[in-house]
Amino acid sequence: MAQSEQQFLNDLDKKLWSSADKLRSNLDAAVYKHAVLGLIFVKYVSDAFEERRKELEGHFRDENHDYYLGDDEELIAEELEVRDYYTEKNVFWVPELARWNTLQDNAKLPIGTEIEIKNGKTAKYKITSVGRLIDDALDAIEKENPKLKGVLNKTYASLQLDAAKLGELIDLVATIPFHHESLGAKDILGHVYEYFLGQFALAEGKKGGQYYTPKAIVSLIVEMLQPFRGRVYDPAMGSGGFFVQSESFIEEHQGKLGNISVYGQESNPTTWRLAAMNMAIRGIDFNFGKEPANSFTNDKHPDLRADYVMANPPFNMKEWWDAKLEGDPRWQYGTPPKNNANFAWLQHMLYHLAPNGSMALLLANGSMSSNTKNEGEIRKNLLKNDLVECMVALPGQLFTNTQIPACIWFLTKNKKARPDGTGVGAYRDRKGEVLFIDARHTGYMKDRVLRDFSPEDIEKITGTYLAWKMDYGDVDVGKDVRAIIDPNPDYLYEDIPGFCKSATLEEIKQHDYVLTPGRYVGATAEEDDGEPFAEKMARLTAQLKEQFEQSDKLEKEIKKNLAGLGYEI
């Protein structure tokens, strides 16, 4: 992204958030976020609708265009209300009641005012409250767009936000410029939506972070898995961050979004709606089941075998077990502990993984070494079946909601040599090998609380993984294949002490099947300064002795001075 574009978005972020937060009053962030994000959604679909409307009007008046209608103003007005012109371009049809100018123009009218609305025919609409006006607008959008059925959060009438504040919020959202000289409306909206999700996660603390995975971690996982084509699945999808980043990855690599299909599941109803809205505003077709549901007890995709599975499930989830899960076919490698869902999530994802698929999930660090209540046995069985491909230890302070140290598990059901599906390379035979990456010292502090990854950090980790996994042969893969890293410019993997190590299953067995990368990568190699060890020790010992002598001398001087002042130590 150009610096001017980034500056534009950063300025927009600060302006919108500071203004929106001032209007929050005593409303809880968990409730307020839906008020803000719902209005942002309406503004976007309305702007997209108006943009298409202006385009159509230009066509209708252009005598060189197939849609030319001459000077018949009545016919032009009639044709501008034909929904097929909009849906053919994947633009949501927005009825007049839900158009942004209708909301903004009428939100501050006195209660009881009647306005005229044209939805095929002219009708009267009586304003009973600002909240009800917004709810009715959202309901009208849902009825006209089956994809959005049950998705929009129609609770504005019951919000504890007075009419004046709600009117001000509408005016604030109206200032979002979905037009920029080089950024598209979808880019701007996506950025604003993502930024607000992150800010609300901070405002809500631990509870809010359950549905928000930091973009840097999502980007890292997507870059490592490379979901170019096929079925992508997230059984704990939150707001749908992995799907959005998969779209960005495909666009960045000149792929086609239509080559992937998106499947997800989420038990929290409001978060399920956020995810569906997130997909809708980006034009991504999705299957999230007909309603929110628990992935363990009410699997909405029982027959799905996905090519890519990515998830950030809740860490160390305690309340998850149900009696009907006893003997479940998903527990192929061992029954998970009833008070910790870490290995339940992992095995649920493996169950839904296609034979040649790849998966990644974030888990607490304890998953790499715990032996309590069958976890060690499950981990051993996963390794004996050669399913674990790569382990990445992450630095602390990446999450808004927890300080629990985390890691990323990468698994696959097929480590054999085969084409990679991109047409430029192939996977080498990795049977009996696991890559360990210790990234605990990677990243930078973007503020006093949170750590982040730079693009270079992501490229280094991704490049290491791909250089280990891929076999490019003599193919000139170009810069789009992320295997260009120092110190491996020739796409050849090598162990780097303190950072990465390719270990055999036999080596892992010797460590009792513990998967903590620090056990394998060792310490960072120190540069040889040419000074023999014996000489260096003699020099450093003499230097230390001299410093002790200076310390004793200073201590005596301090005591002497204090005694002169009448103090004894």
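Residue-wise test of (1) modelled with pLDDT of 85 or more; (2) more than 30 Å from L382 (Cβ to Cβ).
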{"residue": "D476", "(1), (2)": "no, yes"}
{"residue": "I485", "(1), (2)": "no, no"}
{"residue": "L492", "(1), (2)": "no, no"}
{"residue": "G498", "(1), (2)": "yes, no"}
{"residue": "T524", "(1), (2)": "no, no"}
{"residue": "D528", "(1), (2)": "no, yes"}
{"residue": "F533", "(1), (2)": "no, yes"}
{"residue": "S551", "(1), (2)": "yes, yes"}
{"residue": "I558", "(1), (2)": "no, yes"}
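Specify which of the listed residues (G167, G150, G184) is at positive phi and of a type in the set (G, A, S).
Exactly one of G167, G150, G184 is at positive phi and of a type in the set (G, A, S), namely G150.
So, of the residues in segment 365-400 that are in contact with a strand residue (DSSP E or B) (Cβ under 9 Å, 6 or more places away or on another chain) and part of a helix (DSSP H, G or I), which turns out to be nearest to H441 (Cα to Cα)?
Ranking the qualifying residues of segment 365-400, first place goes to N365.
N278 passes all but one of (1) part of a helix (DSSP H, G or I); (2) over 13 Å from the mean Cα position of the chain (by Cα); (3) crowded, with 24+ Cβ neighbours inside 10 Å; which number fails?
For N278, the exception is condition (2).
H301 is checked against (1) out of contact with any helix residue (DSSP H, G or I) (no Cβ under 9 Å at 6 or more places or on another chain); (2) crowded, with 17+ Cβ neighbours inside 10 Å; (3) not in a loop (DSSP other than H, G, I, E, B) and fails just one. What number does that condition carry?
Looking at each condition in turn, H301 falls short on (3).
Tell me which helices (runs of 4 or more DSSP H) are completely within segment 1-89 and hold 2 or more residues being open to solvent by 50 Å² or more (accessible area, probe 1.4 Å) and modelled with pLDDT under 80, or say none if there are none.
Where helices (runs of 4 or more DSSP H) fall fully within segment 1-89 and carry at least 2 residues being open to solvent by 50 Å² or more (accessible area, probe 1.4 Å) and modelled with pLDDT under 80, they are 3-23.
Considering every residue within segment 438-461, establish whether at least one is farther than 21 Å from V218 by Cα and open to solvent by less than 80 Å² (accessible area, probe 1.4 Å).
No, segment 438-461 contains no residue that is farther than 21 Å from V218 by Cα and open to solvent by less than 80 Å² (accessible area, probe 1.4 Å).
Does K431 count as assigned to a loop (DSSP other than H, G, I, E, B), within 20 Å of L225 (Cα to Cα) and modelled with pLDDT of 90 or more?
yes
Among the residues that make up segment 336-358, is at least one of them open to solvent by less than 10 Å² (accessible area, probe 1.4 Å), under 19 Å from F242 (Cα atoms) and part of a loop (DSSP other than H, G, I, E, B)?
yes
Could you check how many residues of segment 21-47 are among the aliphatic types (A, V, I, L, M) and more than 23 Å from the chain's Cα centre (by Cα)?
So in segment 21-47, the residues among the aliphatic types (A, V, I, L, M) come out as 23, 27, 29-31, 35-37, 39-40, 42, 45.
Among the residues that remain, those that are also more than 23 Å from the chain's Cα centre (by Cα) are: 23, 27.
Matching residues across segment 21-47 total 2.
List every residue pair whose Cβ atoms sit under 7 Å apart, with the two residues 6 or more apart in sequence or on different chains, where the first one lies in segment 137-154 and is of a type in the set (D, E) and the second, anywhere, is open to solvent by 50 Å² or more (accessible area, probe 1.4 Å).
Listed by first residue and then by second, the contacts come to D139/K154; E142/K149.
For segment 36-77, give me each residue that is of a type in the set (A, V, I, L, M, F, W, C) and closer than 30 Å to F200 by Cα.
V36, L37, L39, I40, F41, V42, V45, A48, F49
Condition first: basic (K, R), out of contact with any Phe, Trp or Tyr (no Cβ under 9 Å at 6 or more places or on another chain), closer than 30 Å to P146 by Cα and surrounded by fewer than 19 Cβ atoms within 10 Å (Cβ to Cβ). Can you find one or more residues in segment 288-296 that meet it?
Scanning segment 288-296, I find at least one residue that is basic (K, R), out of contact with any Phe, Trp or Tyr (no Cβ under 9 Å at 6 or more places or on another chain), closer than 30 Å to P146 by Cα and surrounded by fewer than 19 Cβ atoms within 10 Å (Cβ to Cβ), so the answer is yes.
Go through segment 253-275 and count every residue that is surrounded by 21 or more Cβ atoms within 10 Å (Cβ to Cβ) and part of a strand (DSSP E or B).
4
Here is a yes/no grid of residues against (1) within 14 Å of F41 (Cα to Cα); (2) in a strand (DSSP E or B); (3) open to solvent by less than 10 Å² (accessible area, probe 1.4 Å):
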| site | (1), (2), (3) |
| --- | --- |
| F92 | yes, no, no |
| G112 | no, no, no |
| E116 | no, yes, no |
| K124 | no, yes, no |
| K143 | no, no, no |
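Kindly indicate which of W331, W320 is at pLDDT 95 or above, of a type outside the set (S, T, Y), buried (at least 17 other Cβ atoms within 10 Å of the Cβ) and not in a strand (DSSP E or B). Talk me through it step by step, then tell me what you get.
Numbers: W320 fails: at pLDDT 95 or above.
Exactly one residue qualifies, and that residue is W331.
Would you mind stating whether I437 is modelled with pLDDT of 95 or more and within 25 Å of K215 (Cα to Cα)?
Yes: the conditions hold for I437.
Just for segment 401-423: of the residues that are in contact with a Gly (Cβ under 9 Å, 6 or more places away or on another chain), part of a strand (DSSP E or B) and modelled with pLDDT under 95, which one is surrounded by the most Cβ atoms within 10 Å (Cβ to Cβ)?
Taking the candidates together, the pick is A406.
The values are calculated or read from the model by the stated rules, or taken from the named source; none is laboratory data. The structure displayed is predicted, hence computed values, not measured ones. A quick note on method: Cβ atoms are made from the backbone with ideal geometry, for glycine too, and the neighbour counts reach across all protein chains shown. These area figures cover heavy atoms from the full protein model, side chains too; ligands, DNA and RNA do not enter into them. Shrake-Rupley method; radii C 1.70, N 1.55, O 1.52, S 1.80 Å.
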